[in-house]
Amino acid sequence: MAAVRYNSFSEFYPYYLTQHGHRLCRRAHFIGTSSAIASIAQYIDSLNAWWLLFALVSGYGGAWIGHFFYEKNRPATFGNPLWSFRADWVMYWQMLTGKISW
């Protein structure tokens, strides 16, 4: 099945949110992204490149756990990687500020 083509991020983001309707999926995303941020901070402090690997694994791992175990869908990253990466950060910020529940 071919990925749907979106003309703008504002067109893509509502679709992205539909793929994150389960609260535990959003929580897994939030925890994974928070862990990735902490890992990047640790890398900056230590300059140990293993922290960058951990940032990738924890960030994507949290998201994929949310999708495969709770949403039971395919992560949007597989079809729209760049807009999904951007959307994840927008969703993270909206959860952090209380606009979206987590």
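The values are calculated or read from the model by the stated rules, or taken from the named source; none is laboratory data. Note that this is a predicted model, so its numbers are computed, not measured. Don't worry about glycine lacking a Cβ; one is built from the backbone with ideal geometry, like all the others, and counts go over all protein chains shown.
Just to verify a result, which residue in the stretch 65-102, among those that are of a type in the set (Phe, Trp, Tyr) and crowded, with 17+ Cβ neighbours inside 10 Å, is nearest to Gly32 (Cα to Cα)? Among them, the one singled out is Tyr92. Considering only residues of the stretch 67-102 that are of a type in the set (Lys, Arg) and closer than 17 Å to His22 by Cα, which is modelled with the lowest pLDDT? The selected residue is Arg74.
In the stretch 36-55, what residues are aliphatic (A, V, I, L, M) and either at pLDDT below 95 or more than 26 Å from Arg26 (Cβ to Cβ) (or both)?
At the first step, the residues of the stretch 36-55 found to be aliphatic (A, V, I, L, M) are 36-38, 40-41, 44, 47, 49, 52-53, 55.
Matches in the stretch 36-55: Ile44, Leu47, Ala49.
Considering (1) surrounded by fewer than 16 Cβ atoms within 10 Å (Cβ to Cβ); (2) assigned to a loop (DSSP other than H, G, I, E, B), the lone condition that Val57 does not fulfil carries the number (2). Of all residues in the stretch 78-85, one or more are assigned to a loop (DSSP other than H, G, I, E, B) and touching a residue at least 24 places away in the same chain (Cβ under 8 Å). For the stretch 86-101, residues that are small (Gly, Ala, Ser) and assigned to a helix (DSSP H, G or I) total 1. Scan the stretch 13-32 for residues that are in contact with a Phe, Trp or Tyr (Cβ under 6 Å, 6 or more places away or on another chain) and in a helix (DSSP H, G or I) and the total you get is 5.
Yes or no, residue by residue, for (1) surrounded by 12 or more Cβ atoms within 10 Å (Cβ to Cβ); (2) among the β-branched types (Val, Ile, Thr):
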position: Ser10; (1), (2): no, no
position: Pro14; (1), (2): no, no
position: Phe30; (1), (2): yes, no
position: Thr33; (1), (2): yes, yes
position: Gln42; (1), (2): yes, no
position: Ser46; (1), (2): no, no
position: Ala49; (1), (2): no, no
